[in-house]
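Novice: Before we start, here is the structure in question, set down as structure tokens.
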Amino acid sequence: MLSYLALKHLHVSAVALSGALFLLRGWWMLAAPARLQQRWVKLVPHLVDTVLLASAIALAAWSGQYPFERAWLTAKVLALTIYILLGTIALKRGRSRPIRLAALVGALLMFCYIVGVALTRDPAWNPG
């Protein structure tokens, strides 16, 4: 059984790896779209995101802090939904390069917001 601290480190590592992989795939979408068709590129991000989600659920259960009870967790879940929607537009569903680029920028901003809220536990977080 993992300790709370080990679980938190696993979660934070998965956040960093997930963000880095998303940024890489976004770069490839713009500069070298054929690289997005590699088998590992289609598989590894989903595995990392599964670990990320499982560790998030485990941390919430362990700490007794749940979305819709804690404003900062609710904000993270809502922002995560927007991040996922923008990410799919950026990497798959965007019909033009400008739309994909705008969705990529929006998704990256949502990612930063999610991390900021996690660090401060304040849903009103802003970098300014």
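Taken together, the values in this text are just the output of simple stated rules run on the coordinates, not laboratory data. Since this is a predicted model, take the numbers as computed values, not measurements. Please note: Cβ atoms are built from the backbone with ideal geometry, for glycine as well, and neighbour counts cover all protein chains shown.
Novice: Which FRET efficiency value, to the nearest 0.05, is calculated for Leu36 and Leu85 with the Förster distance at 22 angstrom and r the Cβ-Cβ distance?
Specialist: Values: r = 18 Å, r/R0 = 0.83.
That gives a FRET efficiency of 0.75.
Novice: Give the lysines reachable from Lys42 as a straight Cα distance under 19 Å; neighbours fewer than 8 places away on the same chain don't count.
Specialist: List returned: Lys92.
Novice: Taking the 0 to 90 degree range and rounding to the nearest ten, how far is the long axis of helix 97-120 tilted relative to the main principal axis of the chain, both from C-alpha atoms?
Specialist: On a 0 to 90 degree scale, this one is about 20.
Novice: Mind checking which of Leu23, Tyr4, Thr81 is farthest towards the positive end of the chain's charge dipole, using Cβ charges of +1 (Lys, Arg) and -1 (Asp, Glu) about the Cα centre?
Specialist: Leu23
Novice: Just from its helices, what would the mean residue ellipticity at 222 nm be for the chain, if runs of 4 or more DSSP H residues each count -39500 (n - 2.57) and the sum is divided by every residue, rounded to the nearest 500 deg cm²/dmol? Walk me through the numbers before you get to the answer.
Specialist: On the way: 4 runs with 95 residues, N = 128.
It comes out at -26000 deg cm²/dmol, rounded to the nearest 500.
Novice: Taking 8 Å as the Cα distance limit and 6 or more residues as the minimum spacing, I'd like the relative contact order of the chain as a percentage.
Specialist: Over the chain, the number comes to 23 percent.
Novice: Using θ = phi - 60° and the Karplus curve 6.51 cos²θ - 1.76 cosθ + 1.60, what whole-Hz ³J(HN,Hα) does each residue of region 24-37 get, with Gly and Pro shown as x?
Specialist: Using θ = phi - 60°, the values come out as 4, 5, x, 4, 5, 4, 7, 9, 8, x, 4, 5, 5, 8 Hz.
Novice: Treating the angle as unsigned and between 0 and 90°, give the value, to the nearest 10°, between the Cα long axis of helix 39-63 and the longest Cα principal axis of the chain.
Specialist: Here the helix axis deviates by roughly 20 degrees.
Novice: On to the next question. Could you pull out every one of the lysines with an alpha carbon less than 18 Å from that of Lys76, ignoring same-chain neighbours closer than 8 positions?
Specialist: Of all the lysines, those that pass the test against Lys76 - Cα under 18 Å, at least 8 places apart if same chain - are Lys8.
Novice: Could you list Ser55, Ser3, Ser13 so that the one with the fewest beta carbons within 10 Å of its beta carbon is first and the one with the most is last?
Specialist: Final ranking by Cβ density, sparse to dense: Ser3, Ser13, Ser55.
Novice: Sorted from largest to smallest, which semi-axis lengths in Å does the alpha carbon gyration tensor of region 4-120 give for its equivalent ellipsoid, taking the root of 5 times each eigenvalue?
Specialist: 27, 16, 10
Novice: Please work out how much length the chain gains when fully extended from Leu2 to Ala71, using 0.36 nm per residue of separation minus the C-alpha to C-alpha distance, in nm with one decimal.
Specialist: So the chain would gain 22.2 nm between Leu2 and Ala71.
Novice: A further question follows. So if R0 is 22 Å, what FRET efficiency would Thr120 and Ile57 give, r being the distance between their Cβ atoms, rounded to the nearest 0.05?
Specialist: That pair, Thr120 with Ile57, gives E of 0.55.
Novice: While we're on this one: What's the local net charge at Ala75, with K and R +1, D and E -1, over the other residues with C-beta under 10 Å away?
Specialist: +2
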